[in-house]
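For reference, the structure is listed below as structure tokens.
The values are calculated or read from the model by the stated rules, or taken from the named source; none is laboratory data. Quick caveat: nothing in here was measured; it's all calculated off a predicted structure. In this analysis, Cβ positions are derived from the backbone assuming ideal geometry, glycine residues included, and neighbour counts consider all displayed protein chains. Ligands, DNA and RNA are excluded from the accessible area calculation, which covers all protein heavy atoms including side chains. Shrake-Rupley method; radii C 1.70, N 1.55, O 1.52, S 1.80 Å.
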Amino acid sequence: MSGSCCCGGGRDQKVGRGGSGLVSNGDPFSGVIHDDALIPGGVFSMGDAFGEGYAANGETPVHEVSIDTFRMDRSVVTNEMYSRFVDATGYKTEAELYGNSAVFHLLLAAPPQDVLGQASGAPWWLSVQGAHWRNPGGSNSHWSDFPDHPVVHVSHGDALAYCEWAGRRLPTEAEWEYAARGGLSGKRYAWGDDLYGPQGEHLCNIWQGTFPDANSADDGYLGTAPVRTFPPNGYGLYEVAGNVWEWCSDWYLPRYYRNSPRENPQGPTIGAGRVMRGGSYLCHDSYCNRYRVAARTSNTPDSSSGNCGFRTVAR
């Protein structure tokens, strides 16, 4: 079970951060309103208490962490929100600069000649010319058809650029897990230990069926769902499980939990990639059970895909 089984592939070459003369406007002047939930400070047990995590991901040992009070987006940044940033700054994402990004094969919306190849070891990911945040499925799609869906095809650098403009920041991994738990202690998911609600209702947007070719979409969605589709957790946060992966500020090292600080940990100073949390619409317990609240993975900071976005925290 690969650590990148439901994530986009990395890049083979590096480029500088996108954009042209980015100016930080600060949230009051950006034209984007961030609806924050107040996350009260406290102490929690971080990590996998069920022995269900992937050993290579370093979800253990469970360790006590203290987090100060902060304010966090109730939902991830949407296409419409990101478009305001781009309109104001002329920013170019890394996918736009590279000329391609990773699109899940069933969501391709482009002519065959735009498909440049398949990801090694993950052939369900197509490298698609012209795929980026504006055209999430390729040239025959456009974000304006999905204004309230999560913005995708954004790299870690693209998320940081938005944060700089909006006067925000990315959450630390510890903040993210603490907030995602919603005040519940030691639970498997953001809402409890059972995947489905009392009447069998779906509580998150994940894969149903046989991955990667047959998705019944019983939860209503083959790809991304509009934000605030599923019930919020105890802190009022939506879709902290499934829908899209969310970038955190931390570098990723599997062994970090062994001796991470107790007070507001900021993550290691080095790593092979940046932390991503929450899972996505492609996760399924048969191969990628990462919609558990303790689950973690990573990707290279310049990577982008059709199932990764971000939410922000107030500075």
- Note on the structure: Bounding extents of segment 55-175 in its principal axis frame from Cα atoms, largest first in Å, are 52, 41, 23
- Task: Pick out which of GLY90, GLY236, GLY197 has the largest mean-square fluctuation in a Gaussian network model of the chain, springs linking Cα atoms closer than 10 Å.
- Result: GLY197
- Message: From the mean inverse distance of alpha carbon pairs (Kirkwood) and the Cα radius of gyration, derive Rg over Rh for the chain.
- Response: 0.93
- Around PHE310: net Lys/Arg minus Asp/Glu count, Cβ-Cβ under 14 Å: -3
- Within segment 226-315, DSSP-loop chymotrypsin sites (Phe, Trp or Tyr not before Pro) with at most 12 other C-beta atoms within 10 Å are none
- What FRET efficiency, computed as 1/(1 + (r/R0)^6) with R0 = 41 Å and r the Cβ-Cβ distance, is obtained for PHE50 and ASN264, rounded to the nearest 0.05? 0.95
- Task: With the full set of protein chains in place, find how many percent of the accessible area of segment 128-208 is carbon and sulfur; take the probe as 1.4 Å.
- Result: 48
- Using only alpha carbon pairs under 8 Å that are at least six residues apart, calculate the relative contact order of segment 196-303 and give it in whole percent. 25
- With every protein chain in place, the accessible area of ASP68 for a 1.4 Å probe, in Å² rounded to the nearest 10, comes to 90
- What shape does segment 113-168 have by the C-alpha gyration tensor, where a ≥ b ≥ c are the square roots of the eigenvalues, rounded means a/c under 1.5, and otherwise prolate means a/b greater than b/c and oblate the rest? oblate
- Message: How large is the accessible surface of THR172 in square angstrom, using a 1.4 angstrom probe and rounding to the nearest 10?
- Response: 0
- Task: Could you work out the local net charge near GLY51, counting Lys and Arg as +1, Asp and Glu as -1, over the other residues with Cβ closer than 13 Å to its Cβ?
- Result: -1
- Taking square-rooted eigenvalues a ≥ b ≥ c of the alpha carbon gyration tensor, is segment 118-232 rounded, prolate or oblate, where a/c under 1.5 means rounded and, failing that, a/b exceeding b/c means prolate? oblate
- Note on the structure: If each part is reduced to its alpha-carbon centroid, segment 148-218 and segment 279-309 end up apart, in Å, by 9
- Candidates ASN299, ASN264, ASN79, ranked by Gaussian network fluctuation over the chain, Cα under 10 Å, top entry: ASN264
- Query: Measuring from label point to label point, each 7 Å out along Cα→Cβ, what is the LEU116 to SER139 span in nm?
  - Reply: 1.4
- Over the chain, calculate the relative contact order: mean separation of alpha carbon pairs under 8 Å at least 6 apart, over the residue count, as a percent. 27
- Message: Around ALA294, under 13 Å between beta carbons, what's the net of Lys plus Arg minus Asp minus Glu among the other residues?
- Response: +1
- Relative contact order (percent) for segment 148-263, with alpha-carbon contacts under 8 angstrom and 6 or more residues of separation? 30
- Query: Using a 1.4 Å probe, how large is the accessible area of MET81, given in Å² and rounded to the nearest 10?
  - Reply: 30
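Would you kindly state the longest site-free stretch of the chain, with sites defined as GluC sites (Glu not before Pro) in a DSSP loop (not H, G, I, E, B) surrounded by at most 15 other Cβ atoms within 10 Å? Before the final figure, lay out each step's value.
On the way: sites that count: GLU52, GLU201.
Of all site-free stretches, the longest is 53-200.
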- Note on the structure: For segment 264-312, the per residue accessible area (1.4 Å probe, Å²) is 22
